[in-house]
Amino acid sequence: MLVGAISDSHGNSKRILEALPYFEGVEHILHAGDFCEDAGLVREAVDCQVTAVAGNCDYMVRAPFEELLVLNGKRVYLTHGHLYNVKGDLSALAERARDLEVDVAVFGHTHTPQVFYQDDILFVNPGSLHRPRLGYQPSIALIDLSGQRPTARIVFL
């Protein structure tokens, strides 16, 4: 099962539309917040499930700050990351992921793409579609849940 992930789109519909072709073949798309209402634009354009969480810039939006999903038998945790101070370090997020016994933790907030394993958990930050930081280009992530161990890769637009 292939899962797409985006974050920090901040209402940039042009970049969202640029990202959509990269999601061909995905069975689920995750939006890790900051303009989670942008997930509506994604929903209208794709033929798969879309799950979104709220971030620190999602004012007056009724959306959860976290979701726990089971996709292809894998436990996937979705959060923006601001509640876990991911701009400082990832220890609080890692603790939450361990407590939930997840296989994959997807987060955003830093506007920088990351894919790494810690404690046998795959951590994925798709970066930012709107305003990436540290010299990165706008990006998304593709997460493969078909194997025994989940894998992910960053795709730069």
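The values are calculated or read from the model by the stated rules, or taken from the named source; none is laboratory data. Quick caveat: nothing in here was measured; it's all calculated off a predicted structure. Ideal geometry is used to build each Cβ from the backbone, glycine not excepted, and the neighbour counts take in all protein chains shown.
Observations
- Checking each residue in segment 45-59 for being assigned to a loop (DSSP other than H, G, I, E, B) and hydroxyl-bearing (S, T, Y) picks out only Y59.
- Any pair with Cβ under 6 angstrom, 6 or more apart, that starts in segment 136-153 at a residue that is over 15 Å from A5 (Cβ atoms) and polar (S, T, N, Q) and ends at one that is surrounded by fewer than 14 Cβ atoms within 10 Å (Cβ to Cβ) and modelled with pLDDT of 95 or more: Q137/F156
- Index of the failed condition, H130 passing every other in (1) surrounded by 14 or more Cβ atoms within 10 Å (Cβ to Cβ); (2) more than 27 Å from E24 (Cβ to Cβ); (3) modelled with pLDDT under 95: (2)
- P21 vs. criteria of a type outside the set (A, V, I, L, M, F, W, C), assigned to a helix (DSSP H, G or I) and on the phi < 0 side of the Ramachandran plot: yes
- A45 meets the conditions (1) at pLDDT below 95; (2) crowded, with 22+ Cβ neighbours inside 10 Å in every case but one. The failed one is (2).
- Residue match in segment 147-155 (condition: outside any strand (DSSP E or B), modelled with pLDDT of 95 or more, of a type in the set (D, E, K, R) and surrounded by 15 or more Cβ atoms within 10 Å (Cβ to Cβ)): no
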